[in-house]
Amino acid sequence: PQLSLIMGPCAGGAVYSPAMTDVILMVKDTSCMFVTGPDVIQTVTNESVTQEELGGDAVVQASGVAHGSYPNDVMALRAVRDLVSYLPLSCDASTLPSHRVTDPPHRSVPALDHFVPDDSNTSYDMKHVLFHLVDHGRFF
């Protein structure tokens, strides 16, 4: 997989590269992603927007463009290290990591009744569902 870590402004044509990667992680308050910047928006639409409002962390998280955001560069780099730890070093089956699973495979998860709304048009946070399904709530 291809990973992108946006640690500052990523604008114009440069934003296409991370947009085509499998995972995009960002740093809160310092990173942003947009094709057209605030000055162009001001000129064309006469609307005043900041980089954060246009393509900052909160915007790309809500839209699903980014897969995670972190409070600072160090935490973001640690997250990349954690993500890479899930990847095998090769396709050789003898080198694949193996972890002992202690969660009962047929356990009941009553919390799922509350996370998924009855209305299929209502959105919900899939991470809450995954947290209760995967072994010990550990996933990236």
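The values are calculated or read from the model by the stated rules, or taken from the named source; none is laboratory data. Bear in mind the structure is a predicted one, so any value in this text is a computation, not a measurement. Quick reminder, even Gly has a Cβ in these numbers, built from the backbone with ideal geometry, and neighbours come from all protein chains shown. Surface accessibility is based on the protein's heavy atoms, side chains included, excluding ligands, DNA and RNA. Shrake-Rupley method; radii C 1.70, N 1.55, O 1.52, S 1.80 Å.
Using the Karplus curve 6.51 cos²θ - 1.76 cosθ + 1.60 with θ = phi - 60°, what ³J(HN,Hα) values do you get for each residue of the stretch 14-21, in whole Hz, with x for Gly and Pro?
In residue order, the calculated couplings are 5, 6, 5, 4, x, 5, 9, 8 Hz.
Å³ per residue of the Cα convex hull, for the stretch 1-53?
Cα-based convex hull of the stretch 1-53, divided per residue, equals 70 Å³.
Could you list which residues have their amide H under 5 Å from that of L5, counting only those 5 or more apart in sequence or on another chain, with H placed in the peptide plane?
Amide H neighbours of L5: L25.
Hey, what's the chain come to in accessible area per residue, 1.4 Å probe, Å²?
On the way: 9780 Å² over 140 residues.
Heavy-atom accessible area per residue stands at 70 Å².
Tell me the mean residue ellipticity at 222 nm calculated for the chain from its helices only (DSSP H runs of n ≥ 4, each -39500 (n - 2.57), averaged over every residue, nearest 500).
-8500 deg cm²/dmol
Using a simple charge model, +1 on the beta-carbon of Lys and Arg, -1 on the beta-carbon of Asp and Glu, nothing else, what dipole does the stretch 1-88 show about its Cα centre, in debye to the nearest 20? Working shown, then result.
Details: 3 positive and 9 negative charges, 62 e Å.
Dipole size: approximately 300 debye.
Within a Cβ distance under 15 Å of L83, other residues only, what is the Lys/Arg minus Asp/Glu net charge?
+2
Counting DSSP beta bridges in the stretch 1-99, what percent are antiparallel, to the nearest 5?
Given both bridge residues lie in the stretch 1-99, the antiparallel proportion sits at roughly 10 percent.
Within the stretch 24-45, list the residues whose amide N lies under 12 Å from a label point set 7 Å along Cα→Cβ of E53.
Correct set: 38-39, 41-42.
For the stretch 42-121, what are the per-bin percents of Cα-Cα distances with bins 10 Å wide, up to the bin holding the maximum?
Pairs per bin, as whole percents: 12, 19, 28, 27, 8, 5, 0.
Spelling out what I want: for every residue of the stretch 128-134, take phi, set θ = phi - 60°, compute 6.51 cos²θ - 1.76 cosθ + 1.60 (Karplus), and round to whole Hz; glycine and proline get x.
Working through the residues one at a time gives 5, 5, 4, 3, 7, 9, 7 Hz.
Distance between Cα centroids, the stretch 34-61 to the stretch 83-107: provide it in whole Å.
That distance is 41 Å.
Quick one: compute the contact order of the chain, relative version, from alpha carbon pairs under 8 angstrom and 6+ residues apart, as a percent. Before the final figure, lay out the partial values.
Working: 163 pairs, mean separation 23.9, N = 140.
Relative CO of the chain lands at 17 percent.
Under the Karplus relation 6.51 cos²θ - 1.76 cosθ + 1.60, θ = phi - 60°, what is the ordered set of whole-Hz ³J(HN,Hα) values for the stretch 25-39, x standing for Gly and Pro?
10, 10, 10, 4, 6, 10, 9, 7, 9, 7, 7, 10, x, x, 5
Please label the shape of the chain as rounded, prolate or oblate, based on the square roots a ≥ b ≥ c of the eigenvalues of the alpha-carbon gyration tensor (a/c under 1.5 means rounded; beyond that, a/b larger than b/c means prolate, else oblate).
Details: a/c = 2.84, a/b = 1.55, b/c = 1.83.
In terms of gyration-tensor shape, oblate.
For the chain, modelled as a Gaussian network with Cα springs under 10 Å, which listed residue fluctuates most, P38, P105, P88?
Maximum fluctuation in the GNM of the chain, among the listed residues, is at P105.
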